[in-house]
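One structure below.
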């Protein structure tokens with residue numbers, strides 16, 4: 001971070017803007033988690049942070065280090081790919097556990113198993 | 001080819017991951033990465049991963065672009081729903097979607113797409129009836145959603161993976 005002063009201002013501005021956008025999306029997602037009523041609605045909210053939210057942060061990181069080191073820095077693409085491939089696993093585990101619980105408790109608002 | 005190098009695409013992907021992590025394409029990195037990828041795929045073999053095929057990279061590319069667009073749009077839509085003051089006049093619910101896609105990697109890709117677009121969650125897959133149960137945050141018309149998933153994603157996934 002000591003090289004921060006070497007960063008041209010357009011890149012600094014753009015990085016800051018992207019970081020803020022990503023952080024805002026994560027915040028809105030957390031707010032939704034607080035606001036929605038049922039489990040199935042709540043599970044939608046944090047996906048804002050885990051998709052476009054993290055996307056903005058990673059683009060900001062790529063831009064910052066690419067400009068600073070004057071060469072393309074592309075590691076972050078791997079983080080994106082791994083996020084996309086692994087989040088469905090956690091989400092499915094959570095959703096199926098909730099569905100199983102609701103079915104055994106006999107709640108009417110979930111569809112029966114086929 | 002299959003005997004000496006099973007899953008060539010997976011091996012190539014692992015090698016690419018190695019090279020990106022090392023940020024170098026020097027002969028040393030390529031050789032070490034190549035040996036490691038081949039060994040990793042060999043070690044995967046006892047798990048007997050299902051056979052898959054991958055065709056039409058161009059269709060895969062269009063699908064990726066379509067999905068990227070949809071991610072941006074659905075993020076915007078869900079953010080609006082969260083920030084909108086009146087939360088009552090919105091119904092969320094489950095939709096069961098009959099699928100034609102049966103390729104295991106295609107289904108995995110569909111699960112990633114559906115999870116990556118906020119507002120839709122993959123809940124349960126029924127392999128006997130080949131249907132998938134989704135939960136949708138802003139459910140206006142079931143038929144529209146079934147058509148969207150089938151037309152936008154499933155058709156292209158069948159092209160690529162079957």
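The values are calculated or read from the model by the stated rules, or taken from the named source; none is laboratory data. Remember, it's a predicted structure, so these values are computed and weren't measured experimentally. Cβ sites come from the backbone with ideal geometry, for glycine too, and all protein chains shown count toward neighbours.
Residues in segment B:24-43 that are exposed (fewer than 13 other Cβ atoms within 10 Å of the Cβ) and under 26 Å from the mean Cα position of the chain (by Cα) were compared, and the one that is farthest from residue A:77 (Cα to Cα) is B:43.
With respect to residue B:82, determine if the residue is closer than 25 Å to residue A:51 by Cα and either more than 9 Å from chain A (Cβ to nearest Cβ) or touching a helix residue (DSSP H, G or I) at 6+ places or on another chain (Cβ under 6 Å) (or both). Criteria met by residue B:82.
Scanning segment B:113-138 for residues that are within 14 Å of the chain's Cα centre (by Cα), outside any loop (DSSP other than H, G, I, E, B) and more than 7 Å from chain A (Cβ to nearest Cβ) yields B:113, B:114, B:120. All conditions in (1) touching a residue at least 40 places away in the same chain (Cβ under 8 Å); (2) in a loop (DSSP other than H, G, I, E, B) hold for residue B:110, with the sole exception of (2). Of everything listed in (1) in contact with a helix residue (DSSP H, G or I) (Cβ under 8 Å, 6 or more places away or on another chain); (2) facing chain B (nearest Cβ under 9 Å), the single unmet condition for residue A:39 is (2). Within segment A:1-37, work out how many residues are surrounded by 14 or more Cβ atoms within 10 Å (Cβ to Cβ), at pLDDT below 90 and more than 17 Å from the chain's Cα centre (by Cα). Of the residues in that region, 5 qualify. Can you find even one residue in segment B:110-128 that is loosely packed, with under 14 Cβ neighbours inside 10 Å, assigned by TED's automatic domain parsing to the domain that holds residue B:70 and over 19 Å from residue A:97 (Cα atoms)? Looking through segment B:110-128, at least one residue is loosely packed, with under 14 Cβ neighbours inside 10 Å, assigned by TED's automatic domain parsing to the domain that holds residue B:70 and over 19 Å from residue A:97 (Cα atoms).
May I ask you to say which residue of B:68, B:21, B:14, B:63 is in contact (Cβ under 8 Å) with a residue 40 or more places away in the chain and either outside the structural domain of residue B:156 (by TED's automatic domain parsing) or assigned to a helix (DSSP H, G or I) (or both)? Break it down stepwise before answering.
Values: B:68 fails: in contact (Cβ under 8 Å) with a residue 40 or more places away in the chain; B:21 fails: in contact (Cβ under 8 Å) with a residue 40 or more places away in the chain; B:14 fails: in contact (Cβ under 8 Å) with a residue 40 or more places away in the chain.
Of B:68, B:21, B:14, B:63, the one residue that is in contact (Cβ under 8 Å) with a residue 40 or more places away in the chain and either outside the structural domain of residue B:156 (by TED's automatic domain parsing) or assigned to a helix (DSSP H, G or I) (or both) is B:63.
Against the condition in the same structural domain as residue B:156 (by TED's automatic domain parsing) and at pLDDT below 90, how does residue B:42 come out, does it pass? No, not satisfied. Count of segment B:63-79 residues, restricted to those that are in contact with a helix residue (DSSP H, G or I) (Cβ under 7 Å, 6 or more places away or on another chain), more than 10 Å from chain A (Cβ to nearest Cβ) and either exposed (fewer than 15 other Cβ atoms within 10 Å of the Cβ) or modelled with pLDDT under 90 (or both), is 1. If the condition is being more than 10 Å from chain A (Cβ to nearest Cβ) and either under 13 Å from residue A:88 (Cα atoms) or in contact with a helix residue (DSSP H, G or I) (Cβ under 6 Å, 6 or more places away or on another chain) (or both), then segment B:90-112 contributes B:97, B:101, B:103, B:105, B:106, B:107.
Listed here are the residues, each with its yes/no results for (1) out of contact with any strand residue (DSSP E or B) (no Cβ under 9 Å at 6 or more places or on another chain); (2) surrounded by 15 or more Cβ atoms within 10 Å (Cβ to Cβ); (3) at pLDDT 90 or above; (4) facing chain B (nearest Cβ under 7 Å).
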{"residue": "A:63", "(1), (2), (3), (4)": "yes, yes, yes, no"}
{"residue": "A:68", "(1), (2), (3), (4)": "yes, yes, no, no"}
{"residue": "A:71", "(1), (2), (3), (4)": "yes, no, no, no"}
{"residue": "A:81", "(1), (2), (3), (4)": "yes, no, no, no"}
{"residue": "A:114", "(1), (2), (3), (4)": "no, no, no, yes"}
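When restricted to residues that are facing another protein chain (nearest Cβ under 10 Å) and farther than 16 Å from residue A:39 by Cβ, segment A:83-112 contains 7. Looking only at segment B:81-95, decide whether some residue is modelled with pLDDT under 90 and more than 30 Å from residue A:27 (Cα to Cα). No - not one qualifying residue is present in segment B:81-95.
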